[in-house]
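Since every read-out is calculated from the coordinates, none of them should be taken as a lab result. Keep in mind that what you see is a predicted model, and the values were worked out from it rather than measured. Neighbour counts run over all protein chains shown; Cβ positions are idealised from the backbone, glycine included.
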Amino acid sequence: MSNEPTIHRFPVDHEGAFVNAYLVETESGVVAVDSLLTVSESRVMRRGLAGLGKPLLAVLLTHSHPDHYGGLSELLAGEDVPVVAPQGVIDTIVRDDPLKEQILRPMFGDEWAAERRFPNTPIGDGESLEFDEAVFTVVDLGPSESPWDSPWILGRDERIVFLGDQVYDQRHCFLADGFWEEWLGNIEMLRARFSGEVLFLVGHGGPVGPDAFEWQRRYIETFLDAVGTADWSRPEQAHAAVVARMKHYLPSDELQFLMELSIEPVAAQLGLTAPGSPGT
Ligand SMILES: [Zn+2]
């Protein structure tokens, strides 16, 4: 018997993958961390689970965004297992899912699950769940990258952390929920807490090390400065100016649409324009 759980990342072919989820294989079962966004990728993840030949014991959610819970119904395939998250994540998903349906259905069509499953088992900050040799401890962050975020630490030695979207790995970021002050505070808290040889398994790209916190902080600050200094008397030029600035900071197209979806909502939250378009 191995005394370390095995972590499988999905999609297996990671090149250009939109979002990650994980299966943590223990001696007698499997614990999922998040699901994927699309129906077809979530089915592949379910087949990967079946291929392990062990029962699904639980699903743990890292935050409230739909790209990480939308595929739960395919992953669970009718099974009734605990889907665990802090109450704030559960409440946010239940509250926001009808709006996500309106936004994501036109974007993804049938790849956005017709019926979604929601987390059903609350857990408190700092509480742990134990499955064979795997101990998972939740960090209930509250609002951060999403309206409610909950990274999971694997192992008592805290060397592996499922960080959700607290840091993106050199991809453009979603800021439209507007909790950037809390997010920046959480980045500093997490950076101080996990300062050594820690592997961060993240929601997009990765894995990354502690250096990623500094990149993420500067991404957020650059974005806020770009939105804040744009000339919002000319909204289209302002949008283009923010995009140009962010692509100078990160010369990549990956997840650019998430950043672009954030520009007008953040401008509105900063009081630069009339409140308007909802993001995802
Ligand atoms: Zn995400």
- Item | Sorted by Cβ neighbour density within 10 Å, fewest at the top, the residues ARG159, ARG217, ARG117, ARG47 | ARG47, ARG159, ARG217, ARG117
- Quick one: Cα centre-to-centre distance for the range 59-135 and the range 201-280, in angstrom? 26
- What's the FRET efficiency of LEU184 with SER28 using the Cβ-Cβ distance as r and R₀ = 45 Å, to the nearest 0.05? 0.65
- Using a simple spin-label model with points 7 Å from Cα along the Cα→Cβ vector, what separation in nm is obtained for MET107 and ASP125? 3.0
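With Cβ to Cβ distances under 13 Å as the rule, what net charge do the other residues near TRP215 carry (K, R +1; D, E -1)?
Summing Lys/Arg as +1 and Asp/Glu as -1 gives 0.
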- Message: As a test of the formula, what do you get for the chain when each DSSP H run with n ≥ 4 contributes -39,500 (n - 2.57) and the sum is divided by the residue count, at 222 nm and rounded to the nearest 500 deg cm²/dmol?
- Response: -12000 deg cm²/dmol
- Positive-end residue, the chain charge dipole about Cα centroid, Cβ charges, pick of VAL243, LEU175, LEU201: VAL243
- Using a ≥ b ≥ c from the Cα gyration tensor of the chain (square roots of the eigenvalues), is it rounded, prolate or oblate, where a/c under 1.5 gives rounded and otherwise the larger of a/b and b/c decides, a/b for prolate? prolate
- Sorting PHE136, PHE118, PHE10 on the 10 Å Cβ count, fewest up front, what's the list? PHE118, PHE136, PHE10
- Note on the structure: Ordered by fewest other Cβ atoms within 10 Å, a rough proxy for footprinting exposure, ARG218, ARG116 read ARG218, ARG116
- Note on the structure: In nm, the gap between the two label points placed 7 Å beyond Cα toward Cβ at ARG218 and GLU236 is 3.4
